[in-house]
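One structure is given below, encoded as structure tokens.
The values are calculated or read from the model by the stated rules, or taken from the named source; none is laboratory data. Since the model is a prediction, treat every value here as computed from it, not as a measurement. Neighbour counts are summed over all protein chains in view; Cβ atoms, including those assigned to glycine, are modelled from backbone coordinates with ideal geometry. The protein model used for the area step is the full one, side chains on, heavy atoms only, and it has no ligands, DNA or RNA in it. Shrake-Rupley method; radii C 1.70, N 1.55, O 1.52, S 1.80 Å.
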Amino acid sequence: MSQATIEVARGDDVTLTCNFKPKKNENNLVIITWTGDADETSGQKVLFGNYYSNGNTDIGSDYKGKAFIETDLTAKASKLTLKEVTLKESRSIRCFVQIPGDIEGKSSDTTFLLVQVAPSRPVCKVKGTAEYGHNINLTCVSEEGSPTPTYKWERYDFRDVIQAFPIKTTEKDGVLSLVNVSMETSGYYICESTNKVGSAKCNMTLTVMPPSMNFATIGIVAGCVVGAIVIIIVIICCCRRRKQKQKLKDYEMENQVVEYEDKPPVENAEDGNTDNVAISEDRTYKAGSDDLKNHYDDRRGSRDNLNEGGRDDLRDRYDDRRDRYDDRRGSRDDLRDRYDDRRDRYDDRRGSRDDLRDRYDERRGSRDDLRDRYDDRRGSRDDLRDRYDERRGSRDDLRDRYDDRRDRYDERRGSRDDLRDRYDERRGSRDDLRDRYDDQRDLYR
């Protein structure tokens, strides 16, 4: 092969030359095969085509209209031309010469065709959890790039000032390993992918958060637990109060108070009747009035005796009942006092429960304040990010303007070099004219 390595940009045409020297100058049959060795990506060989000395040429099915083979048996050379090369052709290209009866010597040779492609825009990712104390990896990979691109990471703070990486940070093949990350590890990271043809960049913002920032979940769980405890306490208090009311009602039903009142003595209606009868009989039957009067006096005396004894008995029974009523009334007052004591204790417990509720509300308010402060800080951090992105965008604009100016400068410098070359050519031609003039002058003399 004419060259061990050939470099070409993707999309350009390339021609490879294979020179051979047979054992005999004249050969009936010569076969030249152009192939591509297996590459690391696909692991498959490529057939470009075969040339036969009888004038036939076979081109591989994948390269018809793209590969062309030209052979000059007199000059003992064969050329393979590839149109608009791609990364598929970036491999070792082999030229294999077969001549019947000529098996000595070297029958094949290779040249490495390097198709150069600028790196594609890399993809930056975070592998791991960006929380305090964790180990994470920042990866940077370009899908395309030939030769294989190299990667370099840089770190900037929110003021767009480059910073050194933390201690124990390692970087290899586009992977930046960060150990035991903290708030100081946060920042703006840029990865640059570079090869001979060009370069590309990707960037990302790394924000390391504390593991206890998940206040929402903790607040919900705590609220549910406290709510359940309050509901259970209310249910228990209601049940106890209902039981106390039922006990008091049962006691009042068992110990009903019976009140007694003195009634005026009942006069016997027979007295009036007897007087009326006596008066009427005295008017009509005066003869029997004395007997009746004597009989009435006797009965009245016995009745007075009976009424006086029975009334004393009733008074005694009434006094006994009143004493028992007073005793029961005293026991009822004792029950009322005990009930009042229990009610006071219940009010005390209810007051302590209200105090617990007030303390819970105060703690909940402080937690809301912490959330508001966290939201404010987060908003300010987002503002800083936006300002940093704006500054970075302006810096990229400045870089683009600088690149444009540099390109124009290079173009002007190239045109100036062309002018110099043309000037040197003209100066050389002028020197030739002078020499010729001097020669003719010498001849004339």
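General observations
- Every residue from region 19-46 that is open to solvent by less than 90 Å² (accessible area, probe 1.4 Å) and within 22 Å of residue 85 (Cβ to Cβ): 32, 33, 34, 35, 36, 37, 38, 39, 42, 43, 46
- Filter result for residue 120 (modelled with pLDDT of 90 or more and within 30 Å of residue 30 (Cα to Cα)): no
- Within region 407-445, the residues that satisfy the criterion of being among the basic types (Lys, Arg) and either part of a helix (DSSP H, G or I) or open to solvent by less than 100 Å² (accessible area, probe 1.4 Å) (or both) are 408, 412, 413, 416, 420, 422, 426, 427, 430, 434, 436, 441.
- Residue pairs whose Cβ atoms lie under 7 Å apart, separated by 6 or more positions or on different chains, with the first residue in region 320-335 and surrounded by 12 or more Cβ atoms within 10 Å (Cβ to Cβ) and the second in a helix (DSSP H, G or I), are 335/251.
- Subset of region 376-397 (residues that are free of Cβ contacts under 8 Å to residues at least 40 places away in the same chain, closer than 23 Å to residue 200 by Cβ and open to solvent by less than 100 Å² (accessible area, probe 1.4 Å)): 389, 393, 394, 396, 397
- Candidates 205, 217: the one that is part of a strand (DSSP E or B), within 30 Å of residue 367 (Cα to Cα) and either open to solvent by 60 Å² or more (accessible area, probe 1.4 Å) or modelled with pLDDT of 80 or more (or both) is 205.
- Restricting region 74-96 to residues that are within 22 Å of residue 42 (Cα to Cα) and open to solvent by less than 30 Å² (accessible area, probe 1.4 Å), the residue that is farthest from the chain's Cα centre (by Cα): 95
- Within the span defined as region 386-393, every residue fails to be assigned to a helix (DSSP H, G or I), small (Gly, Ala, Ser) and either within 26 Å of the chain's Cα centre (by Cα) or more than 19 Å from residue 187 (Cα to Cα) (or both).
- Test: residue in region 51-59 that is aliphatic (A, V, I, L, M) and surrounded by 15 or more Cβ atoms within 10 Å (Cβ to Cβ): yes
- Residue list for region 164-177, filter: at positive phi and either outside any loop (DSSP other than H, G, I, E, B) or crowded, with 17+ Cβ neighbours inside 10 Å (or both): 174
- Residues being under 21 Å from residue 393 (Cα atoms), open to solvent by less than 10 Å² (accessible area, probe 1.4 Å) and not in a strand (DSSP E or B) - total across region 178-198: 0
So that you can scan it fast, the table gives a plain yes or no per residue for (1) over 27 Å from residue 147 (Cβ atoms); (2) modelled with pLDDT under 90:
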{"position": "30", "(1), (2)": "yes, no"}
{"position": "36", "(1), (2)": "no, no"}
{"position": "47", "(1), (2)": "no, no"}
{"position": "54", "(1), (2)": "yes, yes"}
{"position": "71", "(1), (2)": "yes, no"}
{"position": "104", "(1), (2)": "yes, yes"}
{"position": "111", "(1), (2)": "no, no"}
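- On the stretch given as region 146-159, residues that are out of contact with any strand residue (DSSP E or B) (no Cβ under 6 Å at 6 or more places or on another chain) and either assigned to a strand (DSSP E or B) or surrounded by 15 or more Cβ atoms within 10 Å (Cβ to Cβ) (or both) total 2.
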